[in-house]
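K.L.:
Sharing a structure below in structure tokens format, with a few things to ask.
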Amino acid sequence: MIDLHTHSNASDGTEAPAALVASAVAAGLRVVALTDHDTTLGWAEASEAARHTDLALVPGIEVSCGRGRGSLHLLAYLPDPTHPELVAELERARESRDSRLDRMVGKMAAAGVPVSIEAVRAEVEPGATPGRPHIADALVRAGVVDHRDEAFTRWLSDDSPYYVSHYAPDPVRAVRVVRAAGGVPVVAHPSSRTRTGTVGDVLIEELAAAGLGGLEVRHRDHEEADVRHLTDLAAQLGLFVTGSSDYHGTGKRNRLGENTTDPEVLERIEAEGTGTDVVRS
Ligand code: AMP
Ligand code: ZN
Ligand code: FE
Ligand code: FE
């Protein structure tokens, strides 16, 4: 089983990278990609852990992108983690996410939600990419809600009055930067309705022309009709298709290996990805 989309506590997953590797082995995966939001921080620990197992690790990133009010998540497989343009984009996004955390928590506290910036920061590992799930974690720890889901429903959704956006590159620019870094770009969960706007076919065509490699078609947030539509669209545009869990540890209900990617697709990603290598024992 090949699962190409997971998160560790280098962003908003709940497991350390080595623990995530252990969970992937226990789940019976043969290959796992670590794709934390806007960071490569977890790669070293996950690689070291994977070297002691039969599991192959695909180093990746889930790059936050934005256009207008819409957001898009771009998975990047095997990019060079030292490529200056890529490093600069990721740093800019993380810094913006950091000040945005202050602003969101400030708005919530001012409205009487029992949360403080100190409590939220305590949920973020040093150097990790901060996000809304860390605000949720502080509320869970304080006993205000039982799970991240409830905090998202009550206060953290994209249309909430407390929502604040953060810097994110235009997706066409992100596709170009990922390719320049030797990475393989894939649009994550294009039809997910949990974010502002799904990713339209016209934008996917534009990204395909800019160098997009594939679409993440099989994902928990997609309906059967989405899977059919995206599979057809990918075939028309010469894109490959993937399936993944988007595992976040206990932070989401997604289970490792609940959606998987075909070995031939992984071969194509490995052939096109020249920025770094798949880690094998
Ligand atoms: P942010 O990156 O700060 O904009 O927060 C979005 C992240 O929160 C995404 O990566 C999702 O995985 C996560 N998320 C969104 N909705 C939920 C939810 N209902 N429960 C748990 N996590 C969520
Ligand atoms: Zn996430
Ligand atoms: Fe995502
Ligand atoms: Fe994700």
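K.L.:
Peptides 236-242, 95-101: what's the order by average Cβ count within 10 Å, highest mean first?
P.N.:
With the highest mean Cβ count within 10 Å placed first, the list reads 236-242, 95-101.
K.L.:
What distance in nm separates the two pseudo spin-label positions at R141 and S99, each 7 Å out from Cα along the beta-carbon direction?
P.N.:
2.5 nm
K.L.:
Could you give me the radius of gyration and the Dmax of the chain, taking only the C-alpha atoms into account and expressing both in angstrom?
P.N.:
17.8, 53
K.L.:
Per DSSP H run of n ≥ 4, the term is -39500 (n - 2.57); total these for the chain, divide by its residue number, and report the mean residue ellipticity at 222 nm rounded to 500 deg cm²/dmol.
P.N.:
Using -39500 (n - 2.57) per qualifying helix, the result is -11500 deg cm²/dmol.
K.L.:
Next question, about the same structure. Would you mind calculating the relative contact order of the chain from Cα pairs under 8 angstrom and at least 6 residues apart, reporting the percent as a whole number?
P.N.:
Computed value for the chain: 26 percent relative contact order.
Computed from the coordinates by the stated procedures, all read-outs in this text should not be read as laboratory data. Everything quoted here is computed from the prediction, not taken from an experiment. Note: ideal-geometry Cβ built from the backbone for every residue, glycine included; neighbour counts use all protein chains shown.
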